[in-house]
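Derivation of every value follows stated rules applied to the coordinates shown; laboratory data play no part. These numbers were taken from a predicted model, which means no experiment stands behind them. Methodologically, a virtual Cβ is constructed for each residue, glycine included, from the backbone with ideal geometry; neighbour enumeration extends over all protein chains shown.
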Amino acid sequence: MEISPTTRAVRAGIEADTAHASVVPPIYLSTNYAFAGIDGKRAFDYSRSGNPTRAILAGALADLEGGAGAVVTASGMGAVATCLHAFVPAGATVVVPHDCYGGSWRLFDALARKGQFDLRICDLTGPDAAARVAAAAPDLVWIETPSNPLLRLTDIKAISDAAHASGGLVVVDNTFCSPILQRPLALGADVVVHSTTKYLNGHSDVIGGAVVASTPELAEQVDWWSNSLGVTGGALDSYLTLRGLRTLELRMAKHVANASAIADAVAGHPALVAVHYPGLASHPDHALAAVQQSGPGGIVTLDLRGGTDGVRAFLDGLTCFSLAESLGGVESLVAHPASMTHVAMPPAVQDAAGITAGMLRLSVGIEDAADLVADLVRGLDRTARSLSG
């Protein structure tokens, strides 16, 4: 019987234990594994190179994304670094978005300044994006869609076609959507990366990453480099992420429902300059989101009037949102990109990306939607009063 990738993810490793027939696969914490003899290397020998628990998670992620293979890394940035080593030869041209995650921008910029590749920072949104990519003739294009924190969308198929025409590879950061809402490999991308810390684990208790490759050849490169760099993930983190993965589809549905309710409820509030959410008809990429994604996602970004002062008034009294970095957990979070997630970007780079002092990124959790909406409206009312006073 043919079953869906989601069902296979839920069932990944179930009843795989040959020692005691445990339903849930055990955690293999051993760092090393005995050889059967001088020429008797078994499936696993050393856990940096391969671990049974990590292998189950990698297989489930490859299955969900429709890839040929995957590696699990110790962090999302470990996944980014692995891709840059595996797929970017010396002197290559790398195109990255102008509005990407601050940590990714920091690594791109640092490696480019060391002369490892020629970095081209490009607007990858809008109808002219593919032409801009084609003109750069890149060896690799890095896509982040929806972008962090402005939730702009990149047309994965159009950019992939443009990059492939000049022999380039396309890597898509799919952290914000997860494979439940978006499958970049099916749209033409070559590689997908995740911070598994976020939606895939979903409980804010694991740091991890993953790289999923579309072909066995690319998967082999990623596997070699992750092992050589020593960035592979641990067994316990893999176990916890696998546990989170089993409820991914259920959680994503609630994240999307709550985020949609919030965006609808606060749009037009006088304390706001803008609400960024692909589910709103006013979003410039609303039509693309409807085609490329199966849902608008669980992140809503607000741009408040009054800059930092407006933000302070808004935050002072929130009860259902924690001021913290990261996203994708069951609990709701609010982050100030300019001083938190994107602080590595100099002010001029933040300005070019559209990040303002009044911008807040909401990671909408799975709490009761009415409670979340009421908490945010009270915060916006506080901001409005502070500005009028």
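Quick one: among 21, 70, 289, which has the greatest mean-square fluctuation in a GNM of the chain with alpha-carbon springs under 10 angstrom?
21
If you take every residue apart from residue 124 with its C-beta less than 11 Å away from the C-beta of residue 124, what net charge results, scoring Lys and Arg +1 and Asp and Glu -1?
On the way: positive: 120, 132, 152; negative: 99, 123, 128, 144, 155.
Every neighbour counted, the sum reads -2.
Determine ³J(HN,Hα), in whole Hz, for all residues of region 169-182 in sequence, where each value follows from phi through the Karplus function 6.51 cos²θ - 1.76 cosθ + 1.60 and θ = phi - 60°; x replaces Gly and Pro.
Going residue by residue, I get 9, 10, 10, 10, 7, 9, 4, 5, 9, 6, x, 5, 9, 7 Hz, with x marking Gly and Pro.
Pop out the Kirkwood hydrodynamic radius of region 201-269 from its pairwise C-alpha distances, inverse of mean 1/r, in Å to one decimal. Before the final figure, lay out the partial values.
On the way: mean 1/r = 0.0669 Å⁻¹.
Every distinct Cα pair counted, the radius reaches 15.0 Å.
Taking other Cβ within 10 Å of each residue's Cβ, how do 224, 142 sort, fewest first? Provide the component values of the computation, followed by the final result.
Values: 224 15, 142 26.
So the ranking, lowest neighbour count to highest, is 224, 142.
Hand me the GluC sites (Glu not before Pro) from region 1-110 located in a DSSP loop with no more than 15 other Cβ atoms within 10 Å, in residue order please.
Values: sites: 2, 15, 65; in loops: 2, 15.
Those satisfying the criteria are 2, 15.
Could you identify which residue out of 200, 124, 169 has the top mean-square fluctuation in a GNM of the chain using Cα springs shorter than 10 Å?
Its mean-square fluctuation being the largest, the pick is 169.
Net charge near residue 171, counting Lys/Arg +1 and Asp/Glu -1 over other residues with Cβ under 12 Å of its Cβ?
Residues near residue 171 contribute -4 overall.
Percent of Cα-Cα pairs more than 16 Å apart in region 95-208, please.
Working: 3775 of 6441 pairs.
Counting every Cα pair in region 95-208, those more than 16 Å apart make up 59 percent.
Give the order of 373, 291 when sorted by the count of other beta carbons within 10 angstrom, beginning with the fewest. Numbers along the way, then the final one.
Numbers: 373 17, 291 10.
So the ranking, lowest neighbour count to highest, is 291, 373.
Report the label-to-label distance for residue 27 and residue 250 in nanometres (one decimal), using points 7 Å from each Cα along the Cα→Cβ vector.
In this crude label model, residue 27 to residue 250 measures out at 2.1 nm.
Under the rule of at least 5 residues apart or a separate chain, name every residue whose amide H is placed under 5 Å from the amide H of residue 272.
The list, which skips near neighbours in sequence, is 305.
Most mobile of 250, 187, 362 per a Gaussian network model of the chain (Cα springs, under 10 Å)?
Per the Cα network of the chain with a 10 Å cutoff, 250 tops the list.
Suppose a student asked you for the relative contact order of region 293-388, using Cα pairs under 8 Å spaced at least 6 residues apart; what percent would you report? Kindly include the intermediate steps, with their values, before the conclusion.
Working: 139 pairs, mean separation 40.7, N = 96.
Reported relative contact order: 42 percent.
Excluding residue 134 itself, calculate the net charge of residues whose Cβ lies under 11 Å from the Cβ of residue 134, where each Lys or Arg counts +1 and each Asp or Glu counts -1.
-1
Along the principal axes of its C-alpha atoms, what lengths does region 249-388 span, in descending order and rounded to whole Å?
Extents along the principal axes: 38, 33, 26 Å.
Once the cut-off is 17 Å, how many percent of the Cα-Cα pairs in region 1-107 end up in the long-distance tail?
Numbers: 3903 of 5671 pairs.
The calculated P(r) of region 1-107 puts 69 percent of pairs beyond 17 Å.
Of all DSSP beta bridges in the chain, what percent run antiparallel (nearest 5)? Walk me through the numbers on the way to the answer.
Values: 23 of 41 bridges.
Percentage antiparallel, nearest 5: 55.
Which peptide among 178-184, 317-323, 39-45 comes first, and what is the full order, when sorted by highest mean count of other Cβ atoms within 10 Å?
Numbers: 178-184: 25.4, 317-323: 15.1, 39-45: 10.4.
The most tightly packed comes first, giving 178-184, 317-323, 39-45.
Which value, in nm² and rounded to one decimal, describes the direction-averaged projected area of the C-alpha convex hull of region 75-147?
Working: hull surface 18.6 nm².
Dividing the Cα hull surface by four gives the mean projection, 4.6 nm².
Fewest Cβ neighbours within 10 Å first, please rank 38, 14, 3 accordingly.
Values: 38 6, 14 13, 3 9.
Ordered by Cβ neighbours within 10 Å, fewest first: 38, 3, 14.
What is the Å³ per residue value for the convex hull set by the Cα atoms of the chain?
Numbers: hull volume 57.1 nm³, N = 389.
Taking only Cα atoms, the chain has a hull volume of 147 Å³ per residue.
Report, by chain and number, residues whose modeled amide H sits under 5 Å from the one on residue 341, excluding near sequence neighbours (fewer than 5 apart, same chain).
Residues meeting the amide H criterion: 336.
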